[in-house]
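Okay, handing you the structure first.
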Amino acid sequence: MNIVCCVKQVPDPETPARAFKVDEAAKQVVPAPGNPPVISQFDQIAVEAALRIRDALGEGTITILSLGPDSARDAIKVGLAMGADEAVHLNDPALFDGDGYSTGLALSKAIEKIGNVDLILTGRQATDWDFGATGLAIAELLGVPSISITKRVTASGGKIQAERVLADSFETVEVPTPCVVSVSNELGEPRYPKLPQIMQAARKQVTVWSAADLGLSPDEVGKAGARLNLEALYIPQVESKVEFIQGDGPAEQAATLAHKLREAKLI
Amino acid sequence: MANESGILVLVTGADGQLNSLSTEVLGAARRIAEGLGGNVTAVAIGIGASDYGKQAIAYGADDAIAVEDPSLDEYRNETWTAAMTAVAKEVNPAVVLIGQTATGRDLAPRFAIRIGTAAAMDCVDFEVSNGTLLMTRPCFGGAAMAKYTSKTLPAVATVRPKAQEPLAQDTSRTGEVRTMTVDAVGVVSQIVNREQVQSEGMRLEDAKVIVSGGRGLGSAEAFAELETLAKTLGGAVGASRAAVDLGWIPLTSQIGLTGKVVTPDLYIAVAISGASQHLAGITGARNVVAINKDAEADIFKHSRFGVVADWKTFIPAFTEEVRKLG
Amino acid sequence: MTEFPSRPRLSPEARRLATAAVWLSLAGVIVLATVLAYTLTTADSGDATREVLFNVGHALRWVLYLLTAIVFVIIAAGPYRKAKLWKIGRQDEMRWDRIGERAKVFLFYGIGQGRMTNDLYAGVMHLFIFWGWLVLFAGTLVIMAHADFVYFLQGPIYLAYSTILDVFGVIALIGIVMALARRYLMQPPRLRLGSLWDDVALLWLMFAIVCTGFVVEGMRMGATELISGPIDAHGAAFAGDLAIAHVDRDIVANPDWAPWSPIGYAIAELFDALGVSPATMLDVHKAMWWTHLPLALAWTAWVGYGKLGHIITGSANIFMRDLRPPKGVIAGSTLPAIKDFETAESFGAGYLHDLSWKQLMDTDVCVRCGRCESNCPAWLTGKELTPMGLMQDIKLYLHEVGPSKVGTTGPVEGERLLAGDIVSVNTIWDCVTCGACETQCPVNIEHIGTLQELRRYKVLTEGDMPPTAQATLSQLEQRGHPWRGTTLTRTTWMEGLEVPEFDGTQEYLYWVGCSGALVERNVPITRAVARLLTEAGVSWGSLGEAESCTGDPARRMGNEYLAQMQIEGTLAALKEKQVQKIITNCPHCFNTLRNEYPGFGGEFEVFHHTQLLADLVQEGKLKPKHDITEQVTYHDSCYLGRHNGEYEAPRKLIEALPGVKFVEMPRSGKQSFCCGAGGGHMFIDETQGKRINHARAEEAQATGAGIIGTNCPFCVQMFDDGVGSVEPDETKRAKPMDLAELLELTVIGKPTS
């Protein structure tokens, strides 16, 4: 069983609001000093999903695939430390800043180049741009089935079963391989890497490909090939109109609040 | 394609009733149409498509297309994407809007690529500038906003629930509802199992009052206090992702960017710091009351009333006061 | 289990006084007896002496020597066999350097029994048994020397000798009776692992030895000193060629000598009063002597085994104390580093052979006294962990599977893991590394190191740990601090303050730490310290964003790899700025910078903020002005107190507060009870039982103080939570405040925010 896990390195979503800054001219997030980039959390869960499948089957090769600059290597290392076997890094400026389509194109070509892939796992959305479209774009471009936003993925006999998280229910869908499945946090916590594994991961070779290696020209990929254009990026201004409830201690505050809410006809 | 014009809106419903998200999307479509010109065409797929199409007219659609076929009764990515693609080719819109439900999230990206464009997901606002559609959507967990244009047409966007205002229902409006058949496609996915989630009490999406707890509660047992308050207020209990991840409350209670979007009249956030991912779930809440030990907590910037206190002492006292009010 | 004592404990001063009194009395007996013997004796005392091996035959001396030799072989075999088992462990532990220091340690803790009177009753009991037995044993050696080498026990010296031995015999007996009363009547819970042979039978054996000894003496006296006149010396034999003195002169026993052996005298008089004839007394004497001999030999042989083995192995363990930490600092404050990450396949202690030989020896040295357990906050709040249980479980398994492991490497067939199997997962994670166990143990067992090795195995080799630990370690690895979800940055606390940026020109680096910067409750404390330093004119600066975690939480949670990564990073930052003196906010930062960083090449002068502030007040650079009218109690944090021996400076600070009324908590100083946040437990959920911080908060509340003085950002949070939970009435709650906040109030006035 050959599994590819797509991972992305993103700015830290837990950057405190007071430290989160945007460069509006460059339309980029300014990295916060105390918050280095992290692997997108759902992507790490995708690696966990892959490991669970391999554990259950007793066999399988897991390849981490990431498109990004040098810093993406950290995200790749996380995947390797958790137990993935190999890694491919698409490190070419022409590929960066794409949208779901152009990024999905590069990734799908990479997956074709890796070859013989049965299952592609991604996070449900990258925790930077929050699109949730790239995984499905890969499926569309490869012409394979997809199941999105799942909490459980299993494999048996050339088929993949995944349990989708819907508004009020869970739906288990089965599709043949090859296919793309995106996972959500309901799948569970990624396993903590064992130290021998971390040490091994540090010694693993990462294959690096450029757009040319994928047989793609620069105008097909990255920002040039994107179909959506980012016009503006800004932090929405929120005027705080909060009324703090005063009082000598919680009992008094509670009484005041209850009163005000009753006045406002809210309770 | 060329000469794209008009707005195509995918509408859905349940039990013969058009759902509220569809009305919101239709409202957005109408407003876009004022800027871009062209018709607003609603498309409904599967069971009840004609009913939904008809109801869509009353909410702002100029006409509607119903694609009815047994193979489309259950949502499946391959069949619905094919249907949408066929309809889009037929209608040749400049804009396609889809409500951001589980179906919408699954359908829009593949559909968009299939028709040669890319989807802008989770949009909260639209504007037309110089004949181009600008789509505004939150990103970085809701900490920032991004505006996009689509280089390729149609522009495809999913619309976040409760972000757009629907039009008032106008049953005097008329418009054609025509059926369309689409070619059958091979079905590769099997729905093997469905499990209704046992959620006690009312749905969070319907609740008028929600009492919600976050990481600061410290334990699963703390939610019992919130349950009591919610019961006294006649509301439901929700939670931030932190509390759910810590296993203190089931994930069906999760409110936020990757949880539920709620629009209660009163949202009481207890020991929730106000991370943008959580705020993303309550932008539609009419009145937010926040209780937090930290006077600088971000939640207060988005609240109407704020109480700087330790929830442990405040909530029981508050529950008591509410009870006294009767 | 009790949580905190319901009856008031003796204050440390009272205990020290009582202990001193006991020591003085013991010494006093010897001195007094000698003085009296030399001053009160009559002319007849000049030849006072007694016949050795009276009534049983002088030839026996050779048998005795032979038996003694055999007994010594038996004794030696005990530790020898045990040592073979200890050798199964890692050999990379050297504990015989700095012999001079070690000798001093042994003198204080071994002979001096420095820790025994932490439990006053048991300590006095042991002092009595120890000195009673030692003197009696010495007495036997003396008489042997006198009989076979130098004839000197004659006259006043003999009388003093007799008195001393009799009195110390009684002292020993009192001690033994105290011990028996403890086992049978008082039955303290910590003695729950008492065994039939090794505890009960042993005590009765000692009781019998003393009693038979006294009867032997009494019968001898009854047949000699009580009836005056010459006694045939049964001496002779083996003269000349062996050139040893022996009793061959006539001894004229004198009744005047008798009172100098008061017990023997009393027994002799009693038997006499009961109408027992001297002839019968001789028979009883013989019978008792032949009973006393095997009992005494059996006891002596026992010294190599079981509980009595502590005489040899316990002494050795004290001698081999960990000398890496500075004086007054427990071993558990300074964990050993893992050196090889690259090639090792397993980390920490999974199996017996992964522990060091010293750690295996620790388990054998444990005599099940239970002082560790009765001071362990985890055990006292109903959790699985007991340090005594930890030692005993490993020991039992060592003896079960150890013999088959001798001479092998790696696990043997069917060998069970220590980490998670022999020692349960709950036990491994219950520990808050408070150090009470190591502080109390009379034989210097180092529990924390062993437990941390088990933790390292779980985390590094198995990747298995409680979810809260996992989340915290991931968080720490990713963001360089353990405070998941913080909305603050490392510079938020500086808003509105003049904070110099440390650039190497200032004298002190103020190391704020993760808690001090990123936890809302701690920011006022950080600001208080900053304002006070500026007020006092201290040359200081802060690193701001350049600070990252010192590695302490990672180390305590068993992730040595992450800890070392943090240590290397922090060291580089400190060295780059040429830091020499550091003031820390937090005792955990203090401990690791002071005690653990030297092992990685980082030598700094590290102060905790209470130490520096106390000095500044002393020097008059900070002038307390405003009154503190509330009653203040103080919580000795584990990492400033037991881990680093600092109890004085904070108290000096409190006493400098004008108007303050200071009340100590029942468990304070070295006996302080952990707040529950150590060992990673600020972040890890407790497994079961009462929350440790609730137990301590109850104790603090019960003092009636209005303010609980703290010195640690973890403790203050724990008290905030604990006091809030145990006292529902807000008006009755004590207010946890850092000493810096108190000082700020009295020196500067209200805080800025």
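Under a point spin-label approximation (7 Å from Cα along Cα-to-Cβ), what is the B:V187-A:S71 distance to one decimal in nm?
4.6 nm
Rounded to the nearest 20 Debye, what is the dipole magnitude of chain C about its Cα centre when Lys and Arg each give +1 and Asp and Glu each give -1 at the C-beta?
320 debye
Quick one: compute the contact order of chain B, relative version, from alpha carbon pairs under 8 angstrom and 6+ residues apart, as a percent.
Across chain B, relative contact order equals 14 percent.
While we're on this one: If you take the square roots of the eigenvalues of the alpha-carbon gyration tensor of the stretch C:69-141 and sort them as a ≥ b ≥ c, do you get rounded (a/c under 1.5), prolate (a/b over b/c) or oblate?
Since a/c reaches 1.5 but b/c is at least a/b, the shape of the stretch C:69-141 is classed as oblate.
Let me have the 222 nm mean residue ellipticity of chain C computed from DSSP H runs of 4+ only, each contributing -39500 (n - 2.57), with the sum over all residues rounded to the nearest 500.
-14500 deg cm²/dmol
Near the amide H of C:S356, under 5 Å away, which other amide H atoms are found, from residues 5 or more places off or on another chain, if H is placed in the peptide plane?
Long-range HN contacts for C:S356: C:R90.
Taking every pair of alpha-carbon atoms in the stretch C:137-234, give the share separated by more than 19 Å as a whole percent.
57 percent
Something else now. Once you've got the GNM for chain A with C-alpha springs shorter than 10 Å, pick whichever of A:L233, A:L214, A:L67 has the biggest mean-square fluctuation.
A:L233
Another one. If each of C:E13 and B:R286 carries a label point 7 Å out from its Cα toward its Cβ, how far apart are those two points in nm?
Simple spin-label model gives 6.8 nm for this pair.
A further question on this structure: Restricting to Cα pairs below 8 Å that are 6+ residues apart, what does the relative contact order work out to for chain C? Please round to a whole percent.
12 percent
How do B:F318, A:F170 line up, fewest other C-beta atoms within 10 Å first?
In order of increasing Cβ crowding within 10 Å: A:F170, B:F318.
Ok, one more. What are the trypsin sites (Lys or Arg not before Pro) within the stretch C:578-684 that DSSP puts in a loop, where the Cβ has at most 13 other Cβ atoms within 10 Å?
Of the trypsin sites (Lys or Arg not before Pro), the ones in loops of the stretch C:578-684 whose Cβ has at most 13 other Cβ atoms within 10 Å are C:K625.
Counting only complete DSSP H runs, which helices of chain C cover 30 Å or more along their long axis at the Cα atoms and score a mean Kyte-Doolittle of -0.5 or above?
Taking the DSSP H segments of chain C (at least 30 Å long, mean hydropathy at least -0.5), we get C:12-39, C:60-86, C:120-148, C:156-181, C:202-223, C:278-302.
Here's something else I'd like to know. Which order do C:F347, B:F305, C:F130 fall in if you start with the one that has the fewest other Cβ atoms within 10 Å?
C:F130, B:F305, C:F347
Now, a different point. If you take every residue apart from A:S66 with its C-beta less than 13 Å away from the C-beta of A:S66, what net charge results, scoring Lys and Arg +1 and Asp and Glu -1?
Counting the neighbours of A:S66, the net charge comes to -2.
By the gyration tensor of its Cα atoms, with a ≥ b ≥ c the square roots of the eigenvalues, what is the shape of the stretch C:336-483: rounded for a/c under 1.5, prolate for a/b over b/c, or oblate?
oblate
I'd like the orientation of helix A:41-57 relative to chain A: the angle between its Cα long axis and the longest Cα principal axis, in ° from 0 to 90, rounded to 10.
The angle comes out near 50 degrees.
Another question, if that's okay. What Rg and what Dmax come out for the stretch A:1-91 when only alpha-carbon atoms are used, in angstroms?
15.2, 51
While we're looking at this one, here's another question. Calculate for chain B the 222 nm mean residue ellipticity that helices alone would give, adding -39,500 (n - 2.57) per DSSP H run of length 4 or more and normalising by residue count, nearest 500 deg cm²/dmol.
-8500 deg cm²/dmol
To the nearest 500 deg cm²/dmol, what mean residue ellipticity at 222 nm is calculated for chain A from DSSP H runs of n ≥ 4 alone, each contributing -39,500 (n - 2.57), summed and divided by the residues?
-9000 deg cm²/dmol
Since every read-out is calculated from the coordinates, none of them should be taken as a lab result. No experiment lies behind these values; they were computed from the predicted model shown. We place every Cβ from the backbone using ideal geometry, glycine too, and count neighbours over all the protein chains shown.
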